[in-house]
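Below is one structure, written out as structure tokens; the observations come after it.
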Amino acid sequence: MTENAADDQGSLAGTRSSRKAFGGLAIVLLAALVAIVPLLVRGPSCGHDFNYHFFSWLDMQRNWRQGIPYPSWAPSPDYRAGEPRFIFYPPLEAMAGAALGTVLPWKLTPIALTFLILACAGLAVRALAREVMEDAPAALAGCAAIFFGYALFTAYERTDFAELTGGIWIPLLMLFVLRDHNASARGWRRALDGSAAPLALALALAWISDAPLGVMAMYLLAGMSLVVALTARSWAPIIRAAVGAVLGAGMAAIYILPAAWEERSVAIDRSTGDMGVMIQGSWLFARHSDPELALHDLVLHQVSEIVVAMVAVTLAGVLVCWLRGRLPGGRRWWLPLALLPVLVLFLQFPISLPVWNGLPELRYMQFPWRWLLVLEAPMGIFFAAAVWPARRRWILAVVPLCAALFAVETVWAARYWFQPCRPEDTVAAMVNRYRTGTVLDDSDEFAPPDSDDDLLVLGLPDACLVRDPAMALGKATADGTLVWNAAQGSCEATYSAQTSAASSVEHLLLRAEIPHPGFLILRLRTYPAWRVRVNGKSVSNLPQRDDGLFAVPVPSGSVTLTVNWKNTPDVIAARCISLIAVLLVTALCALERKLTRTRLSLVRCLPT
């Protein structure tokens, strides 16, 4: 064969490979589109967390319009009193929703975001599977991860978009832990085989998407790396994991450090204070006598069925692959994935409570079944490896059967998990509520310590003059909502904030003529990052109110009151750490690429 003929054959093979890769990509995208067909027909699902995320998108967009690219304060919760949501709740998902909302109608934004997350999750699983599979079964693995259980449950029943992104970052983290392109090398050269830098990036993205997801990612990284190191009898996976963990956490320090340091400034313990959000309240198929937990138990029963189904499918796939002698990859590759269903199942029972209480931050995950996120990729891969036929003629039977099964799963999600919107929870109604300031969609754990959310009042002016800083404002309506109006007489005078170039989410300016010394109750919740000045003088040691609002002492006469958000030292330090980590990851990426090119050059020079 001539050299030109060999080149032509290589070019043809590359073209065919590209076509197959494009085919797998198209199949996964089509699967994600099929998964959202019920949403396109019926509109967004108003699941458990839909309101929370939707209002976060609106708040994020409002911050952007005022020139705040990485905000801390969400102004809409608590009837416009606000909360430091973006300090404690990772902002990436809110940024994605806000970005889509700038180019799409709000009614389509949650549907589009669901499609993008499901599609990227399927492609991430496909990328992991392609390490040891052909593209066709790898695409099937990606589709199975979309349709089989937790992804659709999260998209339809819970509408927790932040947690849904775990289907993207967890498979990518697994990919870079399991990848070993430089097995012939030793020590740090084997560890830095092109995977450490992207591993750090995947970990950082998990952290700034969802806090429980970040916790899971850290423990998953440690556990999988240990198993891989033991099976490979090499320190390289441990070195790579350590480098990735340090740099990944460093890049995510912009979120992690302020969230950890400033926990003392909010009532964070409320996130695990009730049985419904405690680990021991959500064991597999648990039941509670408290009638207030009836809805919780109903959802728990549903997700318990998903736990059993996903574990069963994964273990059955492992068993079939074992019997057929078709376990994907070597033991170093498939064993860490095969151990995950056993671990996930163990964590669903009370016997695992010492683990939840003993390992740092693990109890803040609230629900044991959140670990199903790490099971999506292994389930999809072992399912695809088990059902994919060895003979091509059987493919025409397997593919339609799988497609029918995926269609049934979509119908099931639409019928049993889709949450119809009440009139006040439709997208149009929520946008109107946002504009009129009637949003009470707060997070109890982000409130000022010792404050009572039940005392928050709808309709308060920007500032209310009182003599007693503890004055109760508002009167209860028939549904229990506290509402203020001027006729109640609780405010001796009311004032509006000035609208100017200096006024924004993080800056409040108020000019007023005060008839007598007293206190201005601001429609703004307290937080240490706020700096209050009256007539240019800093004011501190303010009296505390049970509703957590500012009560600022003011003299009689002309008063200029400003409240400005100032980044605290921990925020500044976190941003510096993240910047340094980004630079280090960039340098590491360049080093890994150089080492990879050197290795490939040596391989080409070896005699055949």
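The values are calculated or read from the model by the stated rules, or taken from the named source; none is laboratory data. Small disclaimer: the values here were computed from a predicted structure and weren't measured. Cβ sites come from the backbone with ideal geometry, for glycine too, and all protein chains shown count toward neighbours. Only protein heavy atoms, including side chains, enter the accessible area calculation; ligands, DNA and RNA are left aside. Shrake-Rupley method; radii C 1.70, N 1.55, O 1.52, S 1.80 Å.
Determine how large the accessible area of Leu108 is when every protein chain is in place; take a 1.4 Å probe and give Å² rounded to the nearest 10.
80 Å²
Can you compute the equivalent ellipsoid semi-axes for the chain, i.e. the square root of 5 times each eigenvalue of the Cα gyration tensor, sorted largest first and rounded to whole Å? List each step's numbers first, then the result.
On the way: eigenvalues 492, 151, 100 Å².
They are 50, 28, 22 Å, listed largest first.
Restricting things to alpha carbons, find the Rg to Rh ratio for the stretch 362-503 using the Kirkwood radius for Rh.
Values: Rg = 27.0 Å, Rh = 21.8 Å.
For the stretch 362-503, the value is 1.24.
Evaluate the distance, in nm, between pseudo-label points positioned 7 Å from the Cα of Arg391 and of His301 along their respective Cα→Cβ axes.
With each label point 7 Å from Cα toward Cβ, the separation is 4.6 nm.
With an 8 Å cut-off on Cα pairs and a minimum separation of 6 or more residues, tell me the relative contact order of the chain in percent.
Reported as a whole number, the value is 18 percent.
Mind checking Rg over Rh on the stretch 200-255, alpha carbons, Kirkwood formula for Rh?
Details: Rg = 11.5 Å, Rh = 11.3 Å.
Ratio of gyration radius to Kirkwood radius: 1.02.
If you consider only alpha-carbon coordinates, what radius of gyration and Dmax does the stretch 7-157 have, in Å?
So, for the stretch 7-157, Rg and Dmax equal 19.3, 69 Å respectively.
With a 1.4 Å probe and all protein chains kept in place, how much accessible area does Lys107 have, in Å² rounded to the nearest 10?
My reading of the accessible area for Lys107 is about 130 Å².
Using 0.36 nm times the number of residues separating Val399 and Leu319, minus their current alpha carbon distance, what extension gain do you get?
On the way: separation 80, 0.36 × 80 = 28.80 nm, distance 2.12 nm.
The Val399-Leu319 span can extend by a further 26.7 nm.
Give me log10 I(q)/I(0) at q = 0.13, 0.16, 0.25 Å⁻¹ for the stretch 518-589, Debye formula, one equal scatterer per alpha-carbon, no solvent.
-0.53, -0.65, -1.13
Which order do you get for Glu361, Glu134, Glu262 if you rank them by accessible area with a 1.4 Å probe, largest at the top?
Sorted descending by solvent-accessible area, the residues read Glu134, Glu361, Glu262.
When all protein chains stay in place, what accessible area (Å², nearest 10, 1.4 Å probe) is found for Asp547?
We get 10 Å² for Asp547.
Based on DSSP H assignment, which helices of the chain show an axial Cα extent of at least 27 Å together with a mean Kyte-Doolittle hydropathy greater than or equal to -0.5?
Working: long enough: 3-35 (48 Å, 0.42); 109-129 (30 Å, 1.92); 211-232 (31 Å, 1.87); 294-324 (45 Å, 1.56); 569-605 (54 Å, 1.04).
Membrane-span-like by this rule: 3-35, 109-129, 211-232, 294-324, 569-605.
Grab the DSSP H runs of the chain that are 4 residues or longer, score each as -39,500 (n - 2.57), total them, divide by all residues and round the 222 nm result to the nearest 500 deg cm²/dmol.
Helices in the chain give a 222 nm mean residue ellipticity of -17000 deg cm²/dmol.
Near the amide H of Glu83, under 5 Å away, which other amide H atoms are found, from residues 5 or more places off or on another chain, if H is placed in the peptide plane?
Excluding prolines and chain starts, which carry no amide H, the hits are Ala74.
What is the magnitude of the charge dipole of the chain about its Cα centre, with +1 placed on the Cβ of each Lys and Arg, -1 on the Cβ of each Asp and Glu, and no other charges, expressed in debye to the nearest 20?
That gives the chain a dipole magnitude of about 2660 debye.
Assuming 0.36 nm per residue, please report the length gained on full extension of the stretch Cys576 to Ala470 beyond their Cα-Cα distance.
Taking 0.36 nm per residue and subtracting the Cα distance, the gain is 34.1 nm.
Which order do Phe147, Phe383 take when ranked by solvent-accessible area (1.4 Å probe, heavy atoms of all protein chains), largest first?
Phe383, Phe147
Put +1 on the Cβ of each Lys and Arg and -1 on the Cβ of each Asp and Glu in the chain; which of Val311, Ala476, Pro90 then has its Cα farthest toward the positive end of the dipole?
Checked the options; the winner is Val311.
Apply the Debye scattering formula to the stretch 253-384, with a single equal point scatterer on each alpha-carbon and no solvent, then give log10 I(q)/I(0) at q = 0.17, 0.19, 0.21 Å⁻¹.
Cα-only, vacuum Debye calculation for the stretch 253-384: -0.96, -1.06, -1.16.
Mind ranking Leu257, Leu230 by accessible surface for me, highest first, 1.4 Å probe?
Result, largest first: Leu230, Leu257.
Rounded to the nearest 5, what is the percent of antiparallel bridges among the DSSP beta bridges in the chain?
95 percent
Tell me which residues come under 5 Å, amide H to amide H, from Val554 once H is placed; ignore anything under 5 positions away on its chain.
Gly518, Phe519, Leu520
Calculate, for Ala493 and Gln66, the FRET efficiency according to 1/(1 + (r/R0)^6) with r their C-beta to C-beta distance and R0 25 Å; round to the nearest 0.05.
Values: r = 28 Å, r/R0 = 1.13.
Here the calculated transfer efficiency is 0.30.
How high is the FRET efficiency between Ser556 and Glu424 when r is their beta carbon distance and R₀ equals 56 Å, given to the nearest 0.05?
My answer for the efficiency is 0.85.
Measure off, as a whole percent, the carbon and sulfur share of the 1.4 Å-probe accessible area of the chain, all protein chains present.
63 percent
In nm, what is the difference between 0.36 nm times the number of residues separating Trp235 and Asn357 and their Cα-Cα distance? Before the final figure, lay out each step's value.
On the way: separation 122, 0.36 × 122 = 43.92 nm, distance 2.96 nm.
Gain on stretching Trp235 to Asn357: 41.0 nm.
First check a/c for the stretch 353-445, with a ≥ b ≥ c the square roots of the eigenvalues of its C-alpha gyration tensor; if it is under 1.5, answer rounded, and if not, answer prolate when a/b is larger than b/c or oblate otherwise.
oblate
Per residue, how much accessible surface does the chain expose to a 1.4 Å probe? Answer in Å², no decimals.
Values: 27410 Å² over 608 residues.
Value returned for the chain: 45 Å² of accessible area per residue.
With the convex hull built on the Cα atoms of the stretch 68-211, state its orientation-averaged projected area in nm².
Quarter of the Cα hull surface area: 11.2 nm².
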